[in-house]
Amino acid sequence: DPEVFFYSFSKLHNGLFVTNEQQDAQEFLTFFLGDLPKETKSLFEGVIETTTKEKTNSSNNNNDNEDENDDDSSGFIQSREEAFLTLPLPIKDFDNMNDSLHSLSQIQVLFGDNQYTLPDGRKIDAEQSQRIKVAPPILVLQLKRFEYILSTCERIKINKKFEILKNI
């Protein structure tokens, strides 16, 4: 009986999930997978590595002087690993799964109002990239079909065709 399951699950999570309210399916799935026995849950666990590297002026120059261009090693570099059970895929600017997956590994440049904040509070221009370091045996993809507009505090559903390919 789904109702018995729902009420038991909701009670387990201190009433976080209630009836007659729109719930985030992704949040529900994450809680559900997180509650599975360890050996079952491990089938869904992967690791994403995020690398942040200070963007130095020398990386923008096309000088022939090797000493000036090889200055990247003196800047800030941080690598962080994070476990995941589901992988969110952006669909807004993509027509298919492979293009969206590829976008996850693209370098993001952090500058201006979006500078990277160092542990000491200083802000720097940086480049950030992600990669799947450990792929899970069962990869659960979440299509990000909603966009949050900060200026209006609205969620807008992205209703467009998005092709799911048989091979990644």
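The values are calculated or read from the model by the stated rules, or taken from the named source; none is laboratory data. In this text, all values refer to a predicted model and were calculated from it rather than measured experimentally. Note that we place each Cβ from the backbone using ideal geometry, even for glycine, and neighbour counts take in every protein chain shown. Keep in mind that these areas ignore ligands, DNA and RNA; they rest on the heavy atoms of the full protein, side chains included. Shrake-Rupley method; radii C 1.70, N 1.55, O 1.52, S 1.80 Å.
Here are some notes:
- Complete set of residues in region 126-168 that are within 16 Å of Asp99 (Cα to Cα) and assigned to a loop (DSSP other than H, G, I, E, B): Arg145, Lys160, Lys161, Phe162, Ile164, Leu165, Lys166, Asn167, Ile168
- Pro88 falls short on exactly one of the conditions (1) more than 21 Å from Glu27 (Cα to Cα); (2) in contact with a strand residue (DSSP E or B) (Cβ under 6 Å, 6 or more places away or on another chain); (3) not in a loop (DSSP other than H, G, I, E, B), and that condition is (1).
- Considering Ile91, Ile132, the condition of being open to solvent by 60 Å² or more (accessible area, probe 1.4 Å), modelled with pLDDT of 90 or more and under 17 Å from the mean Cα position of the chain (by Cα) is satisfied by Ile132 alone.
- Against the numbered list (1) open to solvent by 70 Å² or more (accessible area, probe 1.4 Å); (2) touching a residue at least 12 places away in the same chain (Cβ under 8 Å), Tyr116 comes up short only at (1).
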